[in-house]
1. Starting from residues that are crowded, with 19+ Cβ neighbours inside 10 Å and free of Cβ contacts under 8 Å to residues at least 40 places away in the same chain, keep the ones in the range 167-182 and report whichever is farthest from the chain's Cα centre (by Cα).
2. I'd like to know if the range 236-244 contains one or more residues that are assigned to a loop (DSSP other than H, G, I, E, B), assigned by TED's automatic domain parsing to the domain that holds residue 77 and farther than 30 Å from residue 182 by Cβ.
3. Is it the case, given these coordinates, that residue 68 is surrounded by fewer than 22 Cβ atoms within 10 Å (Cβ to Cβ) and in contact with a helix residue (DSSP H, G or I) (Cβ under 6 Å, 6 or more places away or on another chain)?
4. How many residues does the range 254-290 contain that are buried (at least 18 other Cβ atoms within 10 Å of the Cβ) and either more than 21 Å from residue 97 (Cβ to Cβ) or outside the structural domain of residue 101 (by TED's automatic domain parsing) (or both)?
5. When only residues in the range 334-345 that are more than 24 Å from the chain's Cα centre (by Cα) and surrounded by 14 or more Cβ atoms within 10 Å (Cβ to Cβ) count, which is nearest to residue 279 (Cα to Cα)?
6. Looking only at the range 308-323, which residues are exposed (fewer than 13 other Cβ atoms within 10 Å of the Cβ), within 14 Å of residue 77 (Cβ to Cβ) and at pLDDT 95 or above?
7. Considering only the range 62-114, state which residues are within 30 Å of residue 341 (Cα to Cα) and free of Cβ contacts under 8 Å to residues at least 40 places away in the same chain.
8. Does any residue of the range 263-276 turn out to be closer than 26 Å to residue 212 by Cα, outside any loop (DSSP other than H, G, I, E, B) and touching a residue at least 24 places away in the same chain (Cβ under 8 Å)?
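The values are calculated or read from the model by the stated rules, or taken from the named source; none is laboratory data. All figures in this text were calculated on a predicted structure; none of them were measured in a lab. Glycine also receives a Cβ, built like all others from the backbone with ideal geometry; neighbour counts cover every protein chain displayed.
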């Protein structure tokens with residue numbers, strides 16, 4: 001790595017916004033790890049560094065991947081259905097999930113001397129040129145692009161675009177509220193089941209994630225929850241029941257996606273049995289969840305949106321595309337039930 005002065009001249013290096021100084025360390029307040037970072041050291045996620053008792057992000061606008069994708073692939077099923085979002089990411093992660101599908105991004109530390117800097121204005125232009133209706137930060141943990149998003153999202157909104165996150169939900173409340181204040185519209189949060197799974201595989205606290213789901217709803221964001229079910233890890237009835245109960249307690253109208261796992265990274269157990277996903281979805285519906293879904297099983301009936309009152313098929317999907325949209329003024333055309341969905345402005 002270059003000298004301090006050389007590094008600070010890189011366009012992807014900016015002073016962080018959420019930290020405090022304590023003698024010769026800085027405390028990062030971006031996520032709930034709240035890393036205590038010594039001089040010239042990085043935090044857990046490797047995207048924050050302490051230089052001269054100041055915290056710097058070294059991934060401001062350092063874009064590792066970017067392309068236009070259907071909003072349903074995130075998955076967002078009740079937010080701008082049928083639209084596409086310019087989706088982008090940076091490097092590394094604050095969770096070490098050994099089953100990560102995007103480990104080639106999340107396991108690679110940033111290299112600011114060779115960063116791929118793209119200015120917020122250029123992101124907005126690319127989205128407009130591609131015909132996208134939104135911006136989505138995904139692929140790796142979007143919270144790591146925090147300072148960048150605070151500049152990007154207001155600009156995006158000025159150009160009529162929506163803004164969304166695909167997140168593990170481990171940011172601090174300060175970060176979540178600042179994102180909302182700076183025009184984050186929607187957040188999809190992955191839950192890893194119970195506290196044991198979080199502690200053993202992510203060195204994290206499950207209560208933080210559920211707290212943030214609750215707070216995002218309170219702040220008025222659109223929220224969807226995904227539960228990746230992995231054979232032999234979190235596929236038990238107790239684990240699934242806990243997710244259903246916690247989601248229902250916050251809001252039974254939150255779309256809850258049970259997603260099929262496929263072997264990746266350090267996990268080689270076979271893909272999730274579809275029957276397990278079907279049982280989880282049926283249990284969720286019986287337990288009061290109004291909009292349960294199955295993910296990563298193309299063509300499955302539980303990809304569709306059904307009226308929770310009369311059972312009418314409201315939105316039909318296939319391979320992350322909408323093939324039929326029957327809602328009338330966000331209501332079921334058969335019984336008139338109001339459906340909580342955010343459509344294009």
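1. Applying the filter and picking the extreme gives 179.
2. yes
3. Taking the combined requirement at face value, the residue satisfies it.
4. 6
5. This residue is 337.
6. Scanning the range 308-323 gives a single hit, 323.
7. Of everything in the range 62-114, those that are within 30 Å of residue 341 (Cα to Cα) and free of Cβ contacts under 8 Å to residues at least 40 places away in the same chain turn out to be 67, 102.
8. Within the range 263-276, not a single residue is closer than 26 Å to residue 212 by Cα, outside any loop (DSSP other than H, G, I, E, B) and touching a residue at least 24 places away in the same chain (Cβ under 8 Å).
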